[in-house]
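The values are calculated or read from the model by the stated rules, or taken from the named source; none is laboratory data. Just so you know, these numbers come straight off a predicted model, no measurement behind them. When we count neighbours, we look across all protein chains shown, and the Cβ atoms used for this are built from the backbone with ideal geometry, even at glycine.
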Amino acid sequence: MVEKKVTKEELLKKALVWKEIALKLHDFYKGKLMVLPKCAIESYDDFAWIYTPGVAEPCRKIHEDKEEVWRYTNRWNYVAVVSDGSRILGLGNIGPEAGLPVMEGKAVLFKYLGGVDAFPLVTNAKTADEIVQFLKWIEPNFGAINLEDIEKPKCFDVLKRARKELNICVWHDDQQGTATVAYAGLKNALKIVGKKLDEVKIVFFGFGAANKKTADVLLLAGAKPGNIVIVDSHGVLGPHREDVKNTYKEWWAYNTNKEGIRGGLRDALKGADVLIAMSKPGPGVIKKEDIEVMNDDAIVFACANPIPEIWPWEAKEAGARIVATGRSDFPNQVNNSLGFPAIFRGALDVMAKTVTDEMCIAAGDALAKFAEEKGIHENYIIPRMVEWEVFPYEAAAAAMQSIKQGVARIKTTWKEEYERAKTIIKQSQDIINILIKNDLIKHIPEEIRAIYHRTK
């Protein structure tokens, strides 16, 4: 984590060095995933039940009753991570092949942090129709589908239709996952500065999938529409914006921005308490002069990847009290990696039909409470990914909300789900650690680790 004694130059060097490290390690490992059995193979006879002739019997059972697939296969724990490559991180439409490293990385986080067996599936499907058809074709394999890095507004259409036309849980992580973590971080940040969600002025910079859903969740949690100001690439949203009519932005143009602000980001930020930026990679997209016009004790979430819209130290120099980014090498990482592994763990365990926004709020509340009990402060508003104990805690919260709303197929108790999730996640991490310890997964070469250590 970044400490105050580190100089700006050292921070900048540390932030940029991962470009070199990531390229070397992706080449070293030739990808980040492999497939391993979960069953014992202890003698030649075991092949007879694993495959032919014994495997025919569960096939017959499933043919008689398709629901038996959840009993006799690992489908209950399979998740597809699906992308068309049309909006990869902050890099734009770079194609499915170029998006594969992201989907592999996502699958690793699913397994290590949530105990979920996830598979990266990038597709050449281009239109919403083609993607939805692709999801229908692969549905029999999976217990849930995680849509990832699909451009707007196509992502909204795909999610809406897939939820109607498929019989398993489908969600778009860039929307609900990001919103969950942003909500949790903001909840604790507001506690630190002594402000209330239903009173603060919130500015959203960028209004794609992530910020749109974050706004949805914050409204559901108690934020007031009139206190929200949205700034997209053409300026502040309001009734004067003829270009947003008949788009997903139209409702927001007519129901937010009670002050009737026009102009750009700096105009919107005058007197604002919170800035949530999910726009395009920086630095320099947001200026220090923009932050300077905000209220005292301002909260700034600069979440563009791979580089935030403004460097954290610049935001603080401009007067922000609490700053968060999407990066793990700065304090206060607002990243959906804190959300999706646990939420999917809970959703899969109760066989949820969907993930509701209320489930996201429940998961966000669990994240916020976990951090609060450890002691929140300006550089710790949400848990870090290394605090793996938060994931079963969060999974149980999502599962309970699913049951409460009637979208779960299986009922359980908070304690039962917490213990189940804890066992599954711990087992996944133990398996990976044993493979590393026995050199079955190669250690990161010291010469590559040294590249990062030189920046500390």
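Table for the structure above
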read-out: Given (1) among the aliphatic types (A, V, I, L, M); (2) farther than 30 Å from VAL285 by Cα; (3) in contact with a Lys or Arg (Cβ under 6 Å, 6 or more places away or on another chain), number of the condition ALA179 does not satisfy; value: (2)
read-out: Segment 270-293 - residue that is basic (Lys, Arg) and in a loop (DSSP other than H, G, I, E, B) and, of those, nearest to VAL193 (Cα to Cα); value: LYS270
read-out: Yes/no for GLY238 being at pLDDT 95 or above and assigned by TED's automatic domain parsing to the domain that holds LYS270; value: yes
read-out: Where a residue in segment 84-101 is over 18 Å from PRO281 (Cα atoms) and its partner, wherever it lies, is of a type in the set (A, V, I, L, M), with Cβ under 8 Å and at least six apart; value: ASP84/VAL122; ASP84/ALA125; ASP84/ILE131; ASP84/ILE150; PRO96/VAL122; GLU97/VAL122; LEU100/VAL122
read-out: Matching option when the condition is modelled with pLDDT of 95 or more and either exposed (fewer than 14 other Cβ atoms within 10 Å of the Cβ) or over 22 Å from ASP173 (Cα atoms) (or both), among ILE436, ILE444, ILE381; value: ILE436
read-out: Hits in segment 313-328 (condition: within 17 Å of the chain's Cα centre (by Cα) and part of a loop (DSSP other than H, G, I, E, B)); value: GLY326, ARG327, SER328
read-out: Members of segment 188-211 that are farther than 17 Å from ALA320 by Cβ and buried (at least 24 other Cβ atoms within 10 Å of the Cβ); value: ALA209, ALA210, ASN211
read-out: Within segment 113-133, tally of residues that are within 20 Å of the chain's Cα centre (by Cα) and surrounded by fewer than 20 Cβ atoms within 10 Å (Cβ to Cβ); value: 1
read-out: Residue list for segment 1-44, restricted to those being at pLDDT 80 or above, surrounded by 13 or more Cβ atoms within 10 Å (Cβ to Cβ) and either not basic (Lys, Arg) or not in a helix (DSSP H, G or I) (or both); value: ILE21, ALA22, LEU25, HIS26, TYR29, LYS32, LEU33
read-out: Subset of segment 415-451 [within 23 Å of the chain's Cα centre (by Cα) and either part of a loop (DSSP other than H, G, I, E, B) or not acidic (Asp, Glu) (or both)]; value: TYR418, ARG420, ALA421, LYS422, THR423, ILE424, ILE425, LYS426, GLN427, SER428, GLN429, ILE432
read-out: Complete set of residues in segment 400-428 that are loosely packed, with under 15 Cβ neighbours inside 10 Å and polar (S, T, N, Q); value: THR413, THR423, GLN427
read-out: In segment 140-156, residue farthest from GLY208 (Cα to Cα) [restricted to those that are of a type in the set (D, E, K, R) and crowded, with 17+ Cβ neighbours inside 10 Å]; value: GLU148
read-out: Qualifying positions in segment 380-394 - assigned to a helix (DSSP H, G or I) and either of a type in the set (Val, Ile, Thr) or without any contact (Cβ under 8 Å) to a residue 24 or more places away in the chain (or both); value: VAL390
read-out: Cβ-Cβ under 7 Å pairs, at least 6 apart or on other chains, segment 252-277 side of a type in the set (S, T, N, Q), far side in a loop (DSSP other than H, G, I, E, B); value: THR256/LEU237; ASN257/LEU237; ASN257/GLY238
read-out: Among residues of segment 343-361, those that are part of a helix (DSSP H, G or I) and surrounded by fewer than 24 Cβ atoms within 10 Å (Cβ to Cβ), counted; value: 3
read-out: Any pair with Cβ under 7 angstrom, 6 or more apart, that starts in segment 318-330 at a residue that is outside the structural domain of GLY185 (by TED's automatic domain parsing) and ends at one that is outside any strand (DSSP E or B); value: none
read-out: Matching residues, segment 211-264, being basic (Lys, Arg) and either more than 22 Å from CYS303 (Cβ to Cβ) or part of a loop (DSSP other than H, G, I, E, B) (or both); value: LYS224, ARG241, LYS245, LYS249, LYS258, ARG262
read-out: Residue count for segment 224-234, restricted to those that are within 13 Å of LEU197 (Cα to Cα), surrounded by fewer than 23 Cβ atoms within 10 Å (Cβ to Cβ) and not basic (Lys, Arg); value: 3
